[in-house]
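Data block below; observations after.
What follows is calculated from the coordinates using simple rules that are stated; it is not laboratory data. Keep in mind that this is a model prediction, so the values were computed, not measured. Ideal geometry is used to build each Cβ from the backbone, glycine not excepted, and the neighbour counts take in all protein chains shown.
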Amino acid sequence: MALKICQLCTVDFTLYHFLRPLMHALRDEGHEVVGVCADGELAARVRDEGFRIETVPLARSSNPLRNLRAGIALHALFRRERFDLVHAHTPVAAFVGRFAAAGAGVPRIAYTAHGFYFHDRMPVIRRQAHIAAEWLAGRVTHTLLTQSAEDAATAQRLGLCRTGRVFAIGNGSDPDTFRPAHAPEDRAATRAALGTPGDRVVVMTTGRLVAEKGYPELIAAMRDVDAELWAVGDRLASDHAPGLDDAIRAADNDPDLKGRIRFLGYRGDVPDLLRAADIFTLPSHREGMPRSIIEAMLTGLPVVATDIRGSREEVVDGQTGLLVPVNDPDALAEALNALISDPGKRDAMGAAGLARARAEFDERHVIARQLEHLGLRTD
């Protein structure tokens, strides 16, 4: 039976970059799909693909008054639209939206946790507050999906879904978009456009320019690493985590680092950049199940990542890459140097990662699992 489904997230960045494949799959099944998020230019791009997008005053903020306004707007929207299913994503939209949906009488409420906000290194009181918020919203949640198996086990242990319907769906990307280079000329052209010599080892990272992505440690590690770093990403207007202005200025003022660390900003050619790089790194402090690592593995790159939930489910330490402790620039530099000095190891780990990513992290399989767990197949 075809349903009317709301895909809800806080900002248009999430809708455009992460939810579009799921929305297309739902539409292909015959469902009516409506995206709901804060307004922004990326929302318009999703509209251009034929989806109706409704905007509400959601913000990545813990401000109670802002969230109350968003909740009131969502409640009115849900009463008017009479969705069969509200599927929420991202912390603020998921918390406010699930209560709004329950109050409006939406018959089914699902939540995909793209990595719980709380983690073991968070101060205890703050961590318990976030767990309590997840538990409260779980009282009105019918199905809870997580990307990592570790998060699913945590959700079950803490009772974060009242029905007990908790499923790990994994994460994935498109292997047709993220694939190894077909010919050396592909790498050469991208490097030439950036002024990077063909024989220089390139380490690449992608992620928002916030400290919790591990940039301060990575910049420090690069002082002891003979390679060039491509840092791809920007800081979102909605980011509240500490930024990197001081660290970036310090790198720009360091004669040794200035020519080797390249902050490339937001790019639309990430697959080409990955194909022109040699190593991928993601030294984050907290993740859900990062897509950037999957994209690097699909491109055939070895990965150096921190030993945190999600990342350690993707990277097999010693086989597809190396895992290092959080906030440890020395260990990060040592791992990067181990791969920089051994091209054979890079190639072997990259090949193993490619095979693993194709088998485990194809986004088509992830979407299929979501449709199955939510009972949204119409055939």
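Key figures
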| quantity | calculated |
| --- | --- |
| Peptides ranked, highest mean first, by Cβ atoms within 10 Å: ranges 12-22, 106-116 | 106-116, 12-22 |
| Burial ordering of Leu257, Leu322, Leu136, fewest other beta-carbon atoms within 10 Å first | Leu136, Leu257, Leu322 |
| Ellipticity estimate at 222 nm from DSSP helix runs (n ≥ 4, -39,500 (n - 2.57)) divided over the chain, nearest 500 | -13000 deg cm²/dmol |
| Nearest-0.05 FRET efficiency for Asp307 and Ile125, computed from C-beta distance (R0 35 Å) | 0.90 |
| Burial ordering of Leu229, Leu3, fewest other beta-carbon atoms within 10 Å first | Leu3, Leu229 |
| Burial order of peptide ranges 76-88, 333-345 (average beta-carbon count within 10 Å, highest first) | 76-88, 333-345 |
| Crossing angle, helix 363-373 versus the chain [Cα axis fit, 0-90 degrees, rounded to tens] | 20 |
| Computed Kirkwood radius, in angstrom, where 1/r is averaged over Cα pairs of the chain | 21.6 |
| Separation in nanometres of the label points that stand 7 Å from Cα toward Cβ, at Arg358 and Arg249 | 4.8 |
| Between 0 and 90°, nearest 10: helix 184-194 axis offset from the chain longest Cα axis | 90 |
| The stretch 110-131 and the stretch 341-373: distance between their alpha carbon centers, rounded to Å | 27 |
| Three-way shape call for the stretch 184-360 based on the alpha-carbon gyration tensor, with the a/c threshold at 1.5 | rounded |
| Computed label-point distance, nm, for sites Asn337 and Ile72 using a 7 Å Cα→Cβ extension | 6.0 |
| Relative contact order %, the chain, counting alpha carbon pairs below 8 Å whose residues are six or more apart | 14 |
| Extended-chain gain in nm, criterion 0.36 nm per residue less alpha-carbon gap, Asp224 and Ala368 | 47.4 nm |
| Cα→Cβ-extended label distance, 7 Å offset, between Asp84 and Glu49, nm | 2.2 |
| Proxy reagent accessibility, fewest Cβ within 10 Å first, across Asp28, Asp362 | Asp28, Asp362 |
